[in-house]
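Chemist: Attaching a single structure in structure tokens format; questions to follow.
Just so it is clear, none of the values below were taken in a lab; they were calculated from the coordinates. Quick caveat, the model's predicted, so the values are computed rather than measured. Positions of Cβ are generated from backbone atoms using ideal geometry, with glycine treated the same way; all protein chains shown enter the neighbour counts.
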Amino acid sequence: MTTYICDVCNGMKSLASNCPACNHLAEDQGKLSDFYGPYSPYRPIDELKASNGFEDLSSHRCIHVACCSNCNYSFPVSIQEQMQFDK
Ligand SMILES: [Zn+2]
Ligand SMILES: [Zn+2]
């Protein structure tokens, strides 16, 4: 059996993504589900992902939110999860 992990969630990689608005390096704000979970009960995550144009939940992508400290723009970043073989 294989599992998929997100390198960013595991601290193996930092989320290096530039702000689309000003090209400043944006900071990882955590997973989209964590970010929106407590604050947006009115908007299901699945719908949020769909509306952002990301592929469905089975595509092994971890959606993070990045926030630009320069212009305060926040945007979703899709991380490809890595396959892990059980030991
Ligand atoms: Zn992640
Ligand atoms: Zn910016």
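Chemist: So, counting K/R as plus one and D/E as minus one, what does the shell of residues with Cβ under 11 Å around Cys67 add up to? Don't jump to the answer; show the numbers that get you there.
Modeler: Working: positive: none; negative: Glu27, Asp28.
My count for the surroundings of Cys67 gives -2.
Chemist: Next up: On a full-extension model of 0.36 nm per residue, what is the gain between Asn10 and Ser69, subtracting their alpha-carbon distance, rounded to one decimal in nm? List each step's numbers first, then the result.
Modeler: Values: separation 59, 0.36 × 59 = 21.24 nm, distance 2.29 nm.
Extra length available between Asn10 and Ser69 comes to 19.0 nm.
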